[in-house]
């Protein structure tokens, strides 16, 4: 038997587009002699569809796509994910299902059992868990069908769940396992995914074919990396990361094993690719082509500009220099050099005259009060207004350049430097931004070295440095990582060796700025705990503030 895996970039709600991609893949697999082709979880409608699932028409169109694939299954099996109406009044209205189609028939439907309701996942809001299990008999083989999370409770070791679907299916003696997934990217997910697949293979002693999505759905990015694992626990093949791909495998060769094709997984390289896909799909799927951002000469805007140029093409990215009386000459020169290195259109709009108008207008009200964060924020908001004006006038979508460290502690101005349609670096700590910059420069100097080497500064007052307001980023990022990703409280952080006063200060900054993050642009998710859907905190909570 020959089995094809098709990892595709689906588009939520684009039924015609998704169907045409799958039909084309069916024909390609058929031409390569495949007996069976696998697509991803909820492939007909895209993942995660969220409250689109509440619309009856959305479910009807999903089922129409299943019927169209069924009609195309002459001589080739098709495994595809789709929502299924629950015929029982009790329980949720839908199942998250895997359909096995062949010769214009439905040979089997296996519903998903384990419904993740954590981090970015909220499946129990919509779906009823399966309580019945089957294998599909196809061309002399018994096949266990599983959907994503159903393989993530090996031997009931995951405390989130009380059942292990494959333990139930093992009683039916399957010859191999097919898993259709929508497994989002994080910098640790690729390794963890292989660990889980290997644990299943070692427990059940049969090959496992795992088919993932690729591409971005606003903030959630799918990395592909579909995998075929032999019974000996070796990676028979691993599909490309962040690319659509279709490959066909001979089942007997997979059973024999002895091959190890696991890819190297470099954190910074994967993060770089993920951000490129996130930017590109955000624009493509919304029908946008051109981007704009403010370029300051600093590291954050430089990295975003370089990513945008690579993802969209330099001709589709415009940058705005908006120097003030506090901007250093080297920052202006660094910004110009970067734009010229990338071949991007740039404009220079000094903000000092506009800032002076605000100073004059508020002179009486501010009389007797010293220069403080108020004047700094006015500068940021002038820049935000200029960028949004350019966006409105020319149709360039504004990219936000705030990094995760700044977003965490509120080191950003609402309606100023926090403006934007999508937050490119909102899940990238400042120390990781520097790693990305060096990676971007791995073959040639694109980002000026002075932008990487100089102390970071917002340049909103004379001689300002970020370290005037924040702990050093190498310390700050360690505390933030433990607090946000690892959910470590103040006692645990102090036990790790961090100063108690520093911990209290940082955690207070994080918690009192939740209102800013609530109003921020969607953040491209590259970590295990991104701001937004995956981290939901009360704005007026008192805890740790």
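Here are some notes:
- Per-residue [θ]222 nm for the chain (sum of -39500 (n - 2.57) over DSSP H runs n ≥ 4, rounded to 500): -11500 deg cm²/dmol
- Summarising the strand pairing of the chain, around 55 percent of its internal DSSP beta bridges are antiparallel.
- If you take the Cα centroid of the range 217-238 and the Cα centroid of the range 146-212, the two points sit 12 Å apart.
- Note that the chain, at 20 °C in a medium of 1.002 mPa s, gets a Stokes-Einstein diffusion coefficient of 85 µm²/s from its Kirkwood radius over C-alpha pairs.
- Counting neighbouring Cβ atoms within 10 Å and putting the fewest first, the residues 479, 317, 235 line up as 235, 479, 317.
- In the range 2-265, the DSSP beta bridges split such that about 70 percent are antiparallel, to the nearest 5.
- DSSP-defined antiparallel bridges as percent of all bridges, the range 287-518, nearest 5: 0
- Summarised as an ellipsoid, the range 1-80 has semi-axes of 24, 12, 9 Å, derived from the eigenvalues of the Cα gyration tensor scaled by 5 and square-rooted, with the largest first.
- Tail fraction, Cα-Cα pairs, the range 287-518, threshold 26 Å, whole percent: 39
- Shape of the range 426-545 from the C-alpha gyration tensor: prolate (a/c of 1.5 or more and a/b above b/c, with a ≥ b ≥ c the square roots of its eigenvalues).
- Cα-based shape type of the range 2-265, given that a ≥ b ≥ c are square roots of the gyration tensor eigenvalues and the cut on a/c is 1.5: rounded
- Neighbour counts of other Cβ atoms within 10 Å put 124, 161 in the fewest-to-most order 124, 161.
Read-outs: derived from the displayed coordinates by stated rules, not from any lab. Everything numeric in this text was worked out from a predicted model, so none of it was measured. For neighbour counting, all protein chains shown are included, and Cβ atoms are generated from backbone atoms with ideal geometry for every residue, glycine included.
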